[in-house]
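The values are calculated or read from the model by the stated rules, or taken from the named source; none is laboratory data. Source: prediction; values computed, not measured. Glycine gets a Cβ as well: all are built from the backbone with ideal geometry, and neighbour counts include every protein chain shown.
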Amino acid sequence: MSITGKVALVTGAGQGIGRAIALRLARDGADVALVDINASKINQVAGEIAELGRKATVFVADVSQLDQVVAAVEHTYSTLGGFDIIVNNAGVAQVESLLEVTPEQVDRILRINVQGVLWGIQVAGKKFKSLGQRGKIINACSIAGHEAFALLGVYSATKFAVRALTQAAAKELASDGITVNAYCPGVVGTDMWVEIDQRMADITGAEVGATYKKYVDGIALGRAETPDDVAGFVSYLASPDADYMTGQAPLIDGGMVYR
């Protein structure tokens, strides 16, 4: 079933998985609001969406700040004439031993990965209810939200938190016809994994590229994930085909973590 004519907001839309999600939603018929902290990157994605024949608007925001998320949603509604889907995709990685992580590092990743999702849920839920309509809330989780990994302990904790927020929000908002789900990628070939691999090399002394190869070698389907692999599943969650699904955080990792 189609999402043609729907309006979607995607955070972290300037690169990687967020960019792929925004483009896939546009290809599948949605108009898209692109939200990111980097203006130049979302402007480029907006041009790509325009070439697909769909409308796009851009909004620079820090998702850890509630007032900026409110402003992004209001901009989306006023500019694109509707608001049906939010993809709380923005997030950051962190590679650090639990014995060495600093208060500043913990504060930053919690603000972005957890509060950023929470504010997206809160603001979108209120907007859908004020409009008297159903809506789709879709959150970025991870295989690390199902199984914690060494040197990714705090990152894993933030993704476990996203699963908790997804489940709780699904229960709170179901009576309003609002569904809340998450997606859990594995090893995706993006700049984030370049950073993870480099930091793993710094900490463990492994060669650059060795950590990435180790994880990819453990994928049952035999290759690293692409942003498009994730985007196709997110488009499904955004579509009417997923109307009877809520509170779930499925793994889409090519066969790494099994639940």
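A few points about this structure:
- If you filter the range 4-17 down to residues that are surrounded by fewer than 24 Cβ atoms within 10 Å (Cβ to Cβ) and either touching a Lys or Arg at 6+ places or on another chain (Cβ under 9 Å) or hydrophobic (A, V, I, L, M, F, W, C) (or both), you find that the one that is farthest from Lys127 (Cα to Cα) is Gln15.
- Restricting attention to the range 1-51, the residues being among the hydroxyl-bearing types (Ser, Thr, Tyr), closer than 17 Å to Phe83 by Cα and free of Cβ contacts under 8 Å to residues at least 40 places away in the same chain number 1.
- Residues that are surrounded by fewer than 22 Cβ atoms within 10 Å (Cβ to Cβ), under 15 Å from Ala231 (Cα atoms) and not basic (Lys, Arg), drawn from the range 24-55: Asp28, Gly29
- When restricted to residues that are of a type in the set (A, V, I, L, M), within 14 Å of Ala8 (Cα to Cα) and in a strand (DSSP E or B), the range 30-61 contains 6.
- Any hit, the range 199-219, residues being within 22 Å of Val10 (Cα to Cα) and either modelled with pLDDT of 95 or more or not aliphatic (A, V, I, L, M) (or both): no
- Just so you know, in the range 155-165 the residues that are crowded, with 21+ Cβ neighbours inside 10 Å and among the aliphatic types (A, V, I, L, M) include one that is nearest to the chain's Cα centre (by Cα), and it is Val162.
- Check on Ala164, in contact with a helix residue (DSSP H, G or I) (Cβ under 7 Å, 6 or more places away or on another chain) and at negative phi: no
- The range 7-29 - residue that is in a loop (DSSP other than H, G, I, E, B) and small (Gly, Ala, Ser) and, of those, nearest to the chain's Cα centre (by Cα): Gly12
- Residue within the range 216-233 that is surrounded by 14 or more Cβ atoms within 10 Å (Cβ to Cβ), touching a Phe, Trp or Tyr at 6+ places or on another chain (Cβ under 8 Å), touching a residue at least 12 places away in the same chain (Cβ under 8 Å) and under 30 Å from Gln133 (Cα atoms) present: yes
- Residues in the range 166-186 that are buried (at least 22 other Cβ atoms within 10 Å of the Cβ) and out of contact with any Phe, Trp or Tyr (no Cβ under 7 Å at 6 or more places or on another chain): Thr166, Ala169, Leu173, Thr179, Val180, Asn181, Ala182, Cys184, Pro185, Gly186.
- Val70 being surrounded by 22 or more Cβ atoms within 10 Å (Cβ to Cβ) and touching a residue at least 24 places away in the same chain (Cβ under 8 Å): no
- Filtered by the rule that a residue be of a type outside the set (S, T, N, Q), at negative phi and outside any helix (DSSP H, G or I), the range 197-243 gives Ala206, Glu207, Val208, Gly218, Ile219, Ala220, Leu221, Arg223, Ala224, Glu225, Asp243.
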